[in-house]
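First comes the structure, then the notes that go with it.
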Amino acid sequence: MQIIETIKETQDVVSGIRKSGSTIGFVPTMGALHEGHLELLRKARLDNDLVVCSIFVNPKQFNNTEDLDKYPRTLERDTDLLKSVGCDLLFHPSATEMYPEKATKVYDFGHLDKVMEGKYRPGHFNGVAVVVSRLFDIVRPDRAYFGEKDFQQLAIIQKLVQMDQIPVEIVPCPIVREPDGLAMSSRNQRLTPEERRIAPFIYQRLNEVREKAGTLPVGKLKTTIESKFKGQAAFNLEYFEIVDMQNLMPVKNWTDSPDIIACIATYLSKVRLIDNIILFRNFAPLKNRQD
Ligand code: PAF
């Protein structure tokens, strides 16, 4: 696996590959890789001739400096993991390489970046869009792989690609969970053993939502879940929303949209965790699905 730190060198390698008619699969990450990332890379490996991964902890998408400072950085381990799944090229730029000048671009994603994560992390999605657009411009992938755990990020990136007419196929990949249901996340590394023990409470509540979706009114189900979080001192719920999967608008009734997802963000002590669960696809309840 080649490890490259400069944009120029990366562009030289990928343009050579493109000229030979080979396809490029791309997995952008901020490192601290886990099984969720590895699944994206395995999928990219199956679909493409060349697999590129980027590791760049993007300062522009952090609105909290403590979160940026504490974000785990595990390059050596990440490199071994990338080799183990057959990644061909790791692009690992510095902040000055990525942002030689102040990035001033402001995107208009309409409602998509005003709700949920957008509401609690102002500027976050603009920072994500700036870096992803720059990375796409450097790597010029045929396909790029994103996890559904960051469901709103996925919606923003799909919108970005559509607005800027970027010729890349966005491939959404299912959430990968620990055996006890906790969604895999680089942030899980920051949980203490006791916090890690109780963290599956989040997925348990999401499963409860999936079980009760369509039987209780939306508002009642929402308040039931919110009050269960209030009863747990270690958790500080930021939001729990039941929304239309296409436009992320909250639904009031189960018939408001054919595709409905429940999304959650909560602090567990000092660590902010997000998760989601699909409740309906094409009006069909997903309560008996195993995942
Ligand atoms: O999901 C992430 O890890 C980041 O938001 C991304 C897409 C790599 C952009 O920095």
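Structure data summary
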{"item": "Residues Gln165 and Glu97, FRET efficiency given R0 of 35 Å [Cβ-Cβ distance, rounded to 0.05]", "result": "0.85"}
{"item": "Centroid-to-centroid separation of segment 1-59 and segment 210-248 [C-alpha atoms, Å]", "result": "37 Å"}
{"item": "For the chain, share of DSSP beta bridges that run antiparallel, in % to the nearest 5", "result": "50 percent"}
{"item": "Over 29 Å (Cα to Cα) - which of Lys70/Lys220; Lys105/Lys220; Lys228/Lys287; Lys83/Lys287 fall in this group", "result": "Lys70/Lys220; Lys105/Lys220; Lys83/Lys287"}
{"item": "Loop GluC sites (Glu not before Pro), segment 75-117 (other Cβ atoms within 10 Å of the site Cβ: 14 or fewer; DSSP)", "result": "Glu101"}
{"item": "Peptide ranges 266-272, 187-193 listed from the most packed, as the mean C-beta count within 10 angstrom indicates", "result": "266-272, 187-193"}
{"item": "Solvent accessible area, Å² - Met249, 1.4 Å probe, full protein context", "result": "80 Å²"}
{"item": "Rounded if a/c under 1.5, otherwise prolate or oblate - segment 1-47, Cα gyration tensor axes", "result": "oblate"}
{"item": "Added length on full extension, which subtracts the Cα-Cα distance from 0.36 nm per residue, Ser84 to Glu211", "result": "41.9 nm"}
{"item": "Additional length obtainable on full extension of the chain from Thr192 to Ser227, 0.36 nm per residue less Cα span", "result": "10.2 nm"}
{"item": "Rounded percent of accessible protein surface that carbon and sulfur make up, the chain, 1.4 Å probe", "result": "50 percent"}
{"item": "Heavy-atom accessible area ranking, 1.4 Å probe, most first, across Asp113, Asp275", "result": "Asp113, Asp275"}
{"item": "Thr96 - accessible surface, heavy atoms, 1.4 Å probe, Å² rounded to 10", "result": "110 Å²"}
{"item": "For segment 1-146, Kirkwood radius (reciprocal of mean inverse C-alpha pair distance, Å)", "result": "16.0 Å"}
{"item": "Burial order of peptide ranges 216-223, 122-129, 50-57, 165-172 (average beta-carbon count within 10 Å, highest first)", "result": "50-57, 122-129, 216-223, 165-172"}
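The values are calculated or read from the model by the stated rules, or taken from the named source; none is laboratory data. As the structure is a prediction and not an experimental result, all values here were calculated from the model. Virtual Cβ from ideal backbone geometry, glycine too; neighbours counted across all protein chains shown. The area values use the complete protein model at the heavy-atom level, side chains included, leaving out ligands, DNA and RNA. Shrake-Rupley method; radii C 1.70, N 1.55, O 1.52, S 1.80 Å.
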